[in-house]
Amino acid sequence: MNANKTAAMVLDEIRAEALRSWEQMRQKTLIAVGAATCGRAVGALEVAGVFREEIERLKVDAAVIEVGCMGHCYAEPMAFIFKPGFPGICYGYLNEGLAARLVRDFLVDGDPCVEFALAADGVNDFIPTFQDFPRGLVEQKMVMEHCGLIDPENIEHYLAVGGYGALAAALAMDPGEVAKLVKASGLRGRGGAGFPTGSKWDLCRAAGEKTRYVICNADEGDPGAFMDRTILESNPHLVVEGLAIAAYAVGAGKGYFYIRAEYPLAVERIRKALDQAGKYGILGKSVLGTGFGLEIEVFQGSGAFVCGEETALIASMEGKPGLPRHRPPFPSEAGLFGKPTVINNVKTLSYVPYILRNGADRFKETGTPGSPGTAIFALAGKLVNTGLTEVPMGTTLRQIIYDVGSGIAGNSNFKAVQIGGPSGGCLPGETLDTPIDFDSLTRAGAMMGSGGIVVLDENDCMVEMARFFLDFTQKESCGKCTFCRLGTRHMLGILERITRGEGRPEDMDLLLELAGDIRAGSLCSLGKTAPNPVLSTLKYFRDEYEAHIFEKRCPALMCKDLIAYYILPHKCERSCDACVGSCPVEAIYSNEDRIKVINQEKCVKCNSCLVACPPQYRAVVKVSPPDLAAGKEKENDERKSQDNH
Amino acid sequence: MSGKVRITIDGKAIETAAGEKILWAALDNGIYIPHLCSIRENHSPFASCRLCFVEIEGYPGPVTACTEGAAEGMAVRTRSERVDRLVRTGFEMIMSNHRTECGVCPKNRSCALQKIAKERGLRLKPGRLEKLDRNLPVDDTAESIIYDPNKCVLCGRCVWTCKKTGSGTLGFAKRGFDRMVTTFLEAPLGESGCSGCSACAEACPVGALALKR
Ligand SMILES: Cc1cc2nc3c(=O)[nH]c(=O)nc-3n(C[C@H](O)[C@H](O)[C@H](O)COP(=O)(O)O)c2cc1C
Ligand code: SF4
Ligand code: SF4
Ligand code: FES
Ligand code: FES
């Protein structure tokens, strides 16, 4: 390569070729099927197969590619069809029949079947665009801009949309200036703690040792979190570019992707991306002809939650047991093999190209002063539309739940939102209008964590919620330190007895005391944050704890030991036997009026009868405390015997 | 580590090597701080027992003395309301998971747990917490030592020492509450390649690994 060329010139040459094939591809019809893990789970590959077969059979001049996820996971399988003369049209809820029909009606006969269209990518008279959705007003895509629109396995697509331009720009700068720019942007780590990324890079740069490493943390162990997986699967080159810029800024010649082994597609796509980048001279001995050398490798993690913690992650890469150690020294001073090491989360690194391309000020225009940029959340729970969303920091929970998620599913009412996974907390309705960022969430008693949002409704018990997360952390504790190993175990024990109806009056105070001490006394952040689900539910939903402890009542009718099933006599249809047959233990009998009655002694609370009872009757209900049912039955019997007299 | 620094611990002026861990500086000067897991020769402390908390002026909260290096002018306090609360809870947790049978224990009267209880006025019985006995089998297959995992406080001193002797027979296995000290493939000590040096029994601060009498 010519030594006089700048990185930008080298990149321009590579990109010219990529643009040519991109243009060529766009001249004919293109079907882009969303085939990330979320799409594959509901049959995206089969849908793509039908598209291919039908195109072949009907001799249509079109190409089918598999792309990543746009975040509208609720509507998967999805496909974008770009047909010359039409706007790009996105179809959701696809199946094999629908795919065949789209090829026939749209590609052959020219009818775009607007009744199946979800949205279009450009303004037109028939189909709304994604920006016209209520969520379009809230969402803003810095990281996910190209997710679901380019082929993640084809570097030319990434190049055609401007990829690796940020790396070329960085290579033209002094490494210190790159770190300074990232620092000026105010970017904070998205791995959970929100540590300023530029400062972390500076710490590493200041370390005496010259052999340095960069690591992308893609362990993503939070239950329910899948943002990192989606980004790696949908736009792997974006993360590679971010990691390469980090490496250049801190002077690291070697980088790693630490990806959990449960993410085979992400591993495959990152490997392919690294391979292609190497072939194009974007990685390797002389990155874009500049003489800066960078090798990047994939390391597959063992899958333990605690291995996402940076010191445990490093230990496991060194071949040692994946246990956290005391910090300081921080990895930026003494990390992998004792060398200065920058560890950043997938999302953190994905913002870096944006900042290089657009500058620090432009980045800071989005978000809050303390947490600039966007946040990426995985929405789950009792929502109409679940999936991924990218919104500016400072968006309120209300906007996320009602505009992005389209509100609460079914006929039920919002109760709380669990945010931040096992290290986060449950926030009540009063907090819905708080603009959310790193600091406001911490103040409210939750945490940004990895960005999982689970929406809970009135059928969710908050004590059970706390128990669920404590059960998780207790199982995932590495067991090294006293407070985490034994403290979480004791907290779980207390929560279990409360949900069993054996809670004691002093249990709430004991939980608070233990929570405070575990937070202050644990070695790593797994232990330090483990009490958050308990503390936040005790703070906002103390009445539910009290109901369990003092009245042996579960207000959400969720805790099995505190409920009973009861058939409302006035609602029972008599001639219907649906519940009787559904009961696995034959606990339901007909009384002399042919009204169904549950034998409480026999009932195993499996919920079958409640499901079996036809919706027009809804005669089976849950009651709490459980002795309510027995009481009611006695009343009925008494009334009956009086009537008989 | 270069030169000496002057610090105070509980108001007492002390001269110690720069970077010396506060725990050792205190113990050298007759000031007691509860501790189970630290080993002076090990320069990357486990910091796992979480009993050696102290307050250092200017720090937002208590820190572990076995990880905190001495620096010029440092003012350390070994007791405070926050420290006492952490030590009490940490110790209570350990005791909730320790099979306490001092009467028949080989370490009776030389046990670190008894010492902590006495120094800090704590009880050996966990007051607020349920007892969590692990009910693991006692291993008496080795010639000179006996291992009762139910008494183990997971300090790791034996593991470090065993490795130091070159034997490397002992190690940790399992995670979370089930974490335990054991041998490769959990073989009984007698069939594990243990050299019988009994260095571990010497290192064990409690009665979990002890010499056979
Ligand atoms: C128990 C535990 C699990 C963690 N898991 C992850 C993870 O899966 N991914 C991640 O990026 N950070 C995880 N972290 C945070 C990392 O320790 C580290 O702070 C982060 O990778 C730094 O990257 P950032 O500065 O870009 O946020 C975890 C921390 C703890 C305590
Ligand atoms: S809850 Fe299950 S066990 Fe109980 S009565 Fe209904 S079907 Fe039978
Ligand atoms: S056996 Fe003794 S020395 Fe080994 S970890 Fe247990 S308590 Fe510590
Ligand atoms: S056991 Fe891992 S933080 Fe305590
Ligand atoms: S002696 Fe400091 S944590 Fe054990």
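The values are calculated or read from the model by the stated rules, or taken from the named source; none is laboratory data. Nothing here was measured: the structure is a model prediction, and the numbers come from that model. As a convention, Cβ positions derive from the backbone with ideal geometry for all residues, glycine included, and neighbour counts pool all protein chains shown. The accessibility values were calculated without ligands, DNA or RNA, using every heavy atom of the protein model including side chains. Shrake-Rupley method; radii C 1.70, N 1.55, O 1.52, S 1.80 Å.
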Quiz item: If we count every other residue with Cβ under 14 angstrom of B:ASP133's Cβ, Lys/Arg +1 and Asp/Glu -1, where does the sum land?
Solution: +2
Quiz prompt | the range A:249-340: radius of gyration over Cα atoms, expressed as a fraction of 2.2 N^0.38 Å | solution = 1.20
Quiz prompt | Cα-based Rg / Dmax (Å) for the range A:563-644 | solution = 11.9, 35
Self-check item: For the range B:104-130 and the range A:158-224, distance of Cα centres in Å
Solution: 50
Quiz prompt | Estimated translational D of the range A:491-617 in µm²/s (Stokes, Kirkwood radius over Cα pairs; 10 °C; 1.306 mPa s) | solution = 92
Exercise. Compute the Kirkwood hydrodynamic radius of the protein assembly as shown, taking the inverse of the mean of 1/r over all pairs of distinct Cα atoms, and give it in Å to one decimal.
Key: 30.6
Quiz item: What is the pair-distance distribution P(r) of the range B:136-213, computed from all Cα-Cα distances in 10 Å bins starting at 0, with each bin given as a whole percent?
Solution: 21, 62, 17, 0
Exercise. Over 32 Å between C-alpha atoms is what I'm after, so list which of A:LYS5/A:LYS254; B:LYS174/B:LYS212; A:LYS28/A:LYS254; A:LYS475/A:LYS596; A:LYS415/A:LYS632 land there.
Key: A:LYS28/A:LYS254; A:LYS475/A:LYS596
Quiz prompt | Chains A and B together, accessible area buried on both sides, 1.4 angstrom probe, square angstrom | solution = 2500
Quiz prompt | Under 14 Å from the Cα of A:LYS83 - aspartates and glutamates, other chains or at least 8 residues apart | solution = A:GLU23, A:ASP61, A:ASP105, A:ASP109, A:ASP111, A:ASP121
Practice problem: Could you work out which residue, out of B:LYS131, B:LYS118, B:LYS174, moves most in a Gaussian network model of chain B, that is, has the largest mean-square fluctuation with Cα springs under 10 Å? | Solution: B:LYS174
Exercise. Please label the shape of the range A:163-364 as rounded, prolate or oblate, based on the square roots a ≥ b ≥ c of the eigenvalues of the alpha-carbon gyration tensor (a/c under 1.5 means rounded; beyond that, a/b larger than b/c means prolate, else oblate).
Key: rounded
Quiz item: Under Stokes-Einstein, with the Kirkwood radius over Cα pairs standing in for Rh, what whole-number D in µm²/s applies to the range A:1-159 at 37 °C and 0.692 mPa s?
Solution: 197
Quiz prompt | Environment charge of A:CYS426, counting only residues whose C-beta is closer than 14 Å and scoring Lys/Arg +1, Asp/Glu -1 | solution = -2
Exercise. Ignore the peptide's own chain and count Cβ atoms of other chains within 10 Å of each Cβ in B:124-134; give me the average, rounded.
Key: 2
Quiz prompt | Value at 222 nm in deg cm²/dmol, rounded to 500, when DSSP H runs of n ≥ 4 in the protein assembly as shown each add -39,500 (n - 2.57) | solution = -10000 deg cm²/dmol
Exercise. Loop only per DSSP, at most 13 neighbouring Cβ atoms within 10 Å: give me the trypsin sites (Lys or Arg not before Pro) in the range B:1-99, ordered by residue number.
Key: B:ARG40
Practice problem: Counting residues in the range A:16-107 as N, plug N into 2.2 N^0.38 Å and put the Cα Rg over that result. | Solution: 1.05
Self-check item: Fraction of antiparallel bridges per DSSP, the protein assembly as shown only, in percent to nearest 5
Solution: 65
Self-check item: For the range A:115-216, average projected area of the Cα convex hull in nm²
Solution: 10.3
Quiz item: Can you flag which of A:LYS382/A:LYS605; A:LYS320/B:LYS107; A:LYS141/A:LYS539; B:LYS12/B:LYS118 are past 29 Å Cα-Cα?
Solution: A:LYS320/B:LYS107; A:LYS141/A:LYS539
Exercise. Write down the percent of antiparallel bridges among all DSSP beta bridges whose residues are both part of the range A:163-364, to the nearest 5.
Key: 10
Quiz item: Residues of the range A:469-501 with accessible area at least 50 Å² lower in the all-protein-chain context than alone (1.4 Å probe)?
Solution: A:LYS480, A:THR482, A:PHE483, A:ARG485, A:LEU486, A:ARG489, A:HIS490
Quiz item: Taking the highest mean first, how do the peptides A:429-436, A:228-235 order by number of other beta carbon atoms within 10 angstrom per residue?
Solution: A:228-235, A:429-436
Exercise. Could you tell me which trypsin sites (Lys or Arg not before Pro) in the range A:463-548 are loop residues by DSSP with no more than 15 other beta carbons within 10 angstrom of their beta carbon?
Key: A:ARG500
Quiz item: For labels at A:GLN300 and A:TYR589 in the simple 7 Å Cα→Cβ model, what's the distance in nm?
Solution: 5.8
Self-check item: Amide H within-cut-off set for A:THR129, under 5 Å, with H built and near neighbours excluded
Solution: A:ALA120
Practice problem: Work out which helices of chain A, taken as complete DSSP H runs, extend at least 15 Å along their axis over the Cα atoms and score a mean Kyte-Doolittle of 0.5 or more, then list them. | Solution: A:236-250
Quiz item: Using a simple spin-label model with points 7 Å from Cα along the Cα→Cβ vector, what separation in nm is obtained for A:ASP471 and A:SER641?
Solution: 4.2
Self-check item: Rg/Rh (Cα only; Kirkwood hydrodynamic radius) as it applies to the range A:498-542
Solution: 1.02
Quiz item: Between B:GLU57 and B:ALA17, what FRET efficiency comes out of the Förster formula 1/(1 + (r/R0)^6) with R0 = 30 Å and r the beta carbon distance, rounded to 0.05?
Solution: 0.90
Quiz item: Per residue, what volume in Å³ does the Cα convex hull of the range B:65-119 take up?
Solution: 113
Practice problem: Only loop residues by DSSP count here, and only those with at most 16 other Cβ atoms within 10 Å; note down the GluC sites (Glu not before Pro) in the range B:70-145 that meet that. | Solution: B:GLU72, B:GLU101, B:GLU130, B:GLU143
Exercise. Work out the FRET efficiency for B:LEU132 and B:ASP84 from their Cβ-Cβ distance, taking R0 = 25 Å, and round it to the nearest 0.05.
Key: 0.60
Exercise. Once you have the Kirkwood Rh of the range A:345-415 from its Cα pairs, apply Stokes-Einstein at 37 °C and 0.692 mPa s and quote D in µm²/s.
Key: 242
Practice problem: Express in whole angstrom the spacing between the alpha-carbon centres of the range A:321-355 and the range A:580-625. | Solution: 56
Quiz prompt | Local net charge near A:LYS382, Cβ-Cβ under 11 Å (Lys/Arg +1, Asp/Glu -1) | solution = -2
Quiz item: With all protein chains present, how much of the accessible area of the protein assembly as shown (probe radius 1.4 Å) comes from carbon and sulfur, to the nearest whole percent?
Solution: 51
Quiz prompt | Per-selection Kirkwood Rh - the range B:4-84 (Cα, Å, 1 d.p.) | solution = 12.4
Exercise. Taking amide H positions as placed in the peptide plane 1.01 Å from N, state which residues far from A:ILE436 in sequence (5 or more) or on other chains have amide H under 5 Å from it.
Key: A:GLY394, A:THR395, A:THR396, A:LEU397
